[in-house]
Amino acid sequence: MGSLFRSEEVALCQLFLQSESAYTCVSELGELGLVQFRDLNPDVNAFQRKFVNEVRRCDEMERKLRYLEREIRRDAIPMQDTGDNPEAPMPREMIDLEANFEKLENELKEVNSNAEALKRNYLELTELRHILKKTQVFFDEEGHLWPWQAEAMYPPNLPPDQAPYFDDDDETINLLTDISLHQLKHIGFVAGVILRERVASFERMLWRACRGNVFLRQAQIEEPLEDPATGEQVYKSVFIIFFQGEQLKLRVKKICEGFRATMYPCPEAPADRREMAMGVKTRLDDLNTVLSQTQDHRHRVLVSAARNLRSWMLKVWKIKAIYHSLNMFNIDTIQNGLIAECWIPVPDLETVQLALRRGTEKSGSLPAILNRLSCVESPPTFHRTNKFTRAFQGLIDSYGVASYREMNPAVYTIITFPFLFAIMFGDLGHGIIMTLFGAWMVWKEKPLSVKKVDSEIWNIFFGGRYIILLMGTFSMYTGIIYNDVFSKSLNLFGSSWHVPFNESTIRDNREIMLDPKQPDQYEGTPYPIGLDPLWQLAANKINFLNSYKMKISIIFGIVHMMFGIILSLWNHRFFNRRLNVLCEFIPQVLFMSCLFVYLTLLVFIKWVNYGAGEDVPLVLTPGCAPSILITFINMVLMKGYEEAKGPNSCSAYMYDGQFYLQRMMVVVAVICVPWMLVAKPYFLYRASKQRAMLGTGGVEGAMEETPSTMPVQPAEDHDMSEILIHQGIHTIEFVLGSVSHTASYLRLWALSLAHAQLSEVLWGMVLRIGLSTAGTTGGFAMYFIFAAWATLTVVILVLMEGLSAFLHTLRLHWVEFQSKFYEGQGYAFVPFSFDSILEANESTVTEAK
Amino acid sequence: MKFCGPKLSLCCTILSVWGIIQLGIMGILFYIKSPAFLEDLFIPENATEPAAYIDAMEKSFSQIALNCWIATALYGGTFVLSGWQMWLNFKK
């Protein structure tokens, strides 16, 4: 059973595997997920390792599967995710898998290339059909146009220099000057299809290149055609170009090619055209049937592949992961085996042994041998978490993974985090909203975690569902203490204050102070829980709350920090650092107690001693209560006050002998500073000198003292200047830190004030519009205003303010609390586990989509 | 007959549940003249005399209580409508 308070003990183990059983053993370990392999060949690059061939084969299989997946996705075939987890197949099954994938891929490729060829053919035929249909119209028109074609070709009102230039080609001139039917028969034409968006530039190009000597007619094809290469729908136009002479024909053809127009042979005679159209039609029909059959075949192949795709993918991933791990092992050539080094949590050694036995039984070879090693370097940090503690551990780990076997702050964070958050987020209403959200996520945990959502924000919320639930419930508690529900107070038990004044007093005075001394104004017993609801209506509510909240912020802060310092004692004791207890822990506690714990004591003395009432002596009335801030400043400055003149005048001191006690405490605190600064380096210096005198024997003796469970640290190089600098930094950080960190806890007050004020402003600015609308229309206004107010409440007060309070709480934990004891120099234990590998692979696949 | 998407209908249902609860309670509190809402009342400028002031206050309390209940009823209608839409959206 691992402890919550520290990371688990992790042992370095050596593993001798027979080469026949290595694969099955590693596969078993991967299913278990409790072993972290060390790379024993860090200098060997990836291509020189032993199982590089197998890894490459896996990559190839993965590529094929991805290809299949892409095709399946293109056909929108649903992929079955049964959620079962197939075991890693034996190495010999790999060949079957490979052959299977190879066959599938080839089949699919063939089908695809066939389909593409057929489609291209189909496209050509469709285009030809369109050409035949459209050109028929052109020819019909041209039929009676031909005699005037020459005029029709040239825009008549062109200026002379832009007028089409005629080659000295005899034929052309003849055509122009002497049109005869005989010569018209020499007019050739080219028909084809071009992308519609290219038509305009095509026409211009033709006009310019042929100097206007060609005649272009075009018509749009209404329905879109499918481009076989890309599968997109494109719009095209049919064109027909008339020209005369071979030279122009060449030129026109070149331009057509340049514009990627496809040209089709088009017979001149109408009868031929008709015949051709008939032929095209029958061929199209034939093609259609063939195409649909090809599609059916492809679909069948893909559907059958989709059924197994996921399990294949998992298998391939597992094989690849196993070979990847095997690549990290050393090869023992003499005994024909593999040697691995790995980190294993000590409590799990048994389970790992069992898994190894299962692995060897499967392959039927000699058993694997697990051997514990002693090691010099520090092992990885392994915290065993469950679904509840995981999120809290995550908060800590994102600051820094704990050093090996260091005190783990995550345990305390479970309570302190939601509590400090709630101090800043104290509102019963907002707390209820947050609690409901968290509770819903916890309640629907199973269905929600199965449903994979890609939204990162949702995953963050869902990962922290227990934190949100706790933050919500704690906020409800602080909301009751602050007596705030959406900035209104609840009067559940009856206020202890009463207003006994008569009409004239109220009318004549702008402000009336209620006197707690008068029994008819204050009952004498406070409101049972939290703030008295009367404060909501008081003009000096904020003054009162500020003083109260500031004080509790400082008190909680100092308790939190002192707790952190005390935790450092457990660290020192565990790691047997006696010197640190004497030279760090004790002066730190003294320093904090003499200054800041004393400050909180003053707060309590003031709260308990001073007050109003019938029998309170004058010295202890509220008017005489000294300001704690001034007292504290004077204490540090060692300033005295005048003694009270008599028994009935106020005194600046809260108790007898305060001045001397305070002076003593300041002196102690000041002494603590050089103590922290110098003592440790001095003792280290002395110890190293002694060791030098005793020779090496002393060092060995010191080493034997360390407990056997602890890794033996490599002998530190006791460079004095380095130690001095380190200690200096440490001391300055602590002394200055204790002041600034104490002040930093005031953010609890500041954020809480801001939250309360913001929710009051929202009520006053938004909801009041609806409330104070006169007449029954107010009811309908209320309907809309409430929706606006509710939206703003959730967005601004719960989400935004919640986020800001969350971040401030995180900071208080990371900086103010953890700096007192936490090193965070470790590295995480990352076991070889199929689950995490599959998860990582799947997330990269979804990202790539 | 579906005219709201799953998200909109869910959002409206949650909002109307919240509205029914909060506005219903607020209506009761205004009806029993809770002093916590003193600042939210509608009191005309000219009501300076104590009697007129108190009269305006009481009127405002009962008026706002009624308004809250009207809004509650409207949210009740919204709840029925959006709940029905949500049922259409989520039934399978």
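The values are calculated or read from the model by the stated rules, or taken from the named source; none is laboratory data. Please read these numbers as outputs of a predicted model, since none were measured by experiment. Note that each Cβ is placed from the backbone with ideal geometry, even for glycine, and that neighbours are counted across all protein chains shown.
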Unmet requirement for B:Gln22, which otherwise passes all of (1) surrounded by 17 or more Cβ atoms within 10 Å (Cβ to Cβ); (2) over 15 Å from A:Trp789 (Cα atoms); (3) not aliphatic (A, V, I, L, M) | (2)
Among residues of the stretch A:767-776, those that are facing another protein chain (nearest Cβ under 7 Å) and outside any loop (DSSP other than H, G, I, E, B), counted | 2
Give me a count of the residues in the stretch B:68-91 that are buried (at least 19 other Cβ atoms within 10 Å of the Cβ) and more than 14 Å from chain A (Cβ to nearest Cβ).
-> 2
Out of (1) in contact with a Pro (Cβ under 7 Å, 6 or more places away or on another chain); (2) at pLDDT 85 or above; (3) among the polar types (S, T, N, Q), the one A:Ser237 does not meet is (1)
Note down all Cβ pairs under 6 Å where the first residue falls in the stretch A:643-656 and is surrounded by 10 or more Cβ atoms within 10 Å (Cβ to Cβ), the second is modelled with pLDDT of 80 or more and assigned to a loop (DSSP other than H, G, I, E, B), and they're at least six residues apart or on different chains.
-> A:Ala644/A:Ser651; A:Ala652/A:Pro626
What are the residues in the stretch A:264-311 that are among the hydrophobic types (A, V, I, L, M, F, W, C), farther than 22 Å from A:Asn112 by Cα and in contact with a helix residue (DSSP H, G or I) (Cβ under 7 Å, 6 or more places away or on another chain), if any?
-> A:Cys266, A:Met276, A:Ala277, A:Val280
In the stretch B:41-55, which residues are in contact with a Leu (Cβ under 9 Å, 6 or more places away or on another chain) and either surrounded by fewer than 19 Cβ atoms within 10 Å (Cβ to Cβ) or over 22 Å from A:Ser495 (Cα atoms) (or both)?
-> B:Phe42
Among (1) closer than 30 Å to B:Gln22 by Cβ; (2) surrounded by fewer than 22 Cβ atoms within 10 Å (Cβ to Cβ); (3) of a type in the set (Gly, Ala, Ser); (4) touching a residue at least 60 places away in the same chain (Cβ under 8 Å), the one test that A:Gly438 misses | (4)
Residues satisfying the stated conditions in the stretch B:4-55, i.e. aliphatic (A, V, I, L, M), more than 10 Å from chain A (Cβ to nearest Cβ) and closer than 21 Å to B:Asn89 by Cβ = B:Leu8, B:Leu10, B:Val17, B:Ile20
Within the stretch A:394-406, is there a residue that is of a type in the set (A, V, I, L, M, F, W, C) and not in a helix (DSSP H, G or I)?
-> yes
If you check every pair at least six apart or on different chains, which have Cβ atoms under 9 Å apart with a residue in the stretch A:490-511 that is closer than 30 Å to A:Gly429 by Cα first and a residue that is modelled with pLDDT under 85 and hydrophobic (A, V, I, L, M, F, W, C) second?
-> A:Val499/A:Ile506
Residues within the stretch A:474-527 that are of a type in the set (Lys, Arg) and more than 12 Å from chain B (Cβ to nearest Cβ), tallied | 2
From the set of residues in the stretch A:530-584 that are among the small types (Gly, Ala, Ser) and assigned to a helix (DSSP H, G or I), which is farthest from A:Leu810 (Cα to Cα)?
-> A:Ser547
Before we move on, is A:Ile837 part of a helix (DSSP H, G or I) and more than 14 Å from chain B (Cβ to nearest Cβ)?
-> yes
Confirm whether A:Ser740 is assigned to a helix (DSSP H, G or I), without any contact (Cβ under 8 Å) to a residue 40 or more places away in the chain and closer than 30 Å to A:Lys820 by Cβ.
-> yes
Which numbered condition A:Thr389 misses (of (1) closer than 30 Å to A:Thr413 by Cβ; (2) out of contact with any His (no Cβ under 9 Å at 6 or more places or on another chain)) | (2)
Would you pick out the residues in the stretch A:4-43 that are over 16 Å from A:Phe829 (Cα atoms), assigned to a loop (DSSP other than H, G, I, E, B) and small (Gly, Ala, Ser)?
-> A:Ser19, A:Ser21
Within the stretch A:528-550, can you find the residues that are among the aromatic types (Phe, Trp, Tyr) and more than 14 Å from every other protein chain (Cβ to nearest Cβ)?
-> A:Phe544, A:Tyr548
Based on what the data block shows, is A:Leu216 surrounded by 12 or more Cβ atoms within 10 Å (Cβ to Cβ), within 24 Å of A:Ala261 (Cβ to Cβ), within 60 Å of the chain's Cα centre (by Cα) and at pLDDT 50 or above?
-> no
Is there a residue in the stretch A:65-86 that is acidic (Asp, Glu) and without any contact (Cβ under 8 Å) to a residue 40 or more places away in the chain?
-> no
Inside the stretch A:458-497, can you point out the residues that are part of a helix (DSSP H, G or I) and over 27 Å from A:Asp532 (Cα atoms)?
-> A:Trp458, A:Asn459, A:Ile460, A:Phe461, A:Phe462, A:Gly463, A:Arg465, A:Tyr466, A:Ile467, A:Ile468, A:Leu469
Looking only at the stretch A:777-829, and only at residues there that are aromatic (Phe, Trp, Tyr) and within 14 Å of another protein chain (Cβ to nearest Cβ), the one that is farthest from A:Asn408 (Cα to Cα) | A:Phe780
How many of the residues in the stretch A:639-673 are among the hydrophobic types (A, V, I, L, M, F, W, C), at pLDDT 85 or above and assigned to a loop (DSSP other than H, G, I, E, B)?
-> 1
